[in-house]
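A short worksheet on the structure shown next.
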């Protein structure tokens, strides 16, 4: 009975973030804004 180890979500998010390579500064800003929007949306869901 071997247990499948759980994936560390913080580590997985870091790996996913490193996989995204922005082409230029505008693209990097868009990626950052998308991430900020997701965080803001998820924090609002927690209060409702």
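Seen through its C-alpha gyration tensor, with square-root eigenvalues sorted a ≥ b ≥ c, the chain comes out oblate because a/c lies at 1.5 or above while a/b is not bigger than b/c. Rounded to the nearest 500, the 222 nm mean residue ellipticity of the chain from helices alone is -23500 deg cm²/dmol, with -39,500 (n - 2.57) taken per DSSP H run of at least 4 residues. Per-peptide packing, taken as the mean over residues of other Cβ atoms within 10 Å, places 25-37, 7-19 in the sequence 25-37, 7-19 from highest down.
Throughout, read-outs are computed from the coordinates displayed, never taken from laboratory work. Remember, it's a predicted structure, so these values are computed and weren't measured experimentally. Quick reminder, even Gly has a Cβ in these numbers, built from the backbone with ideal geometry, and neighbours come from all protein chains shown.
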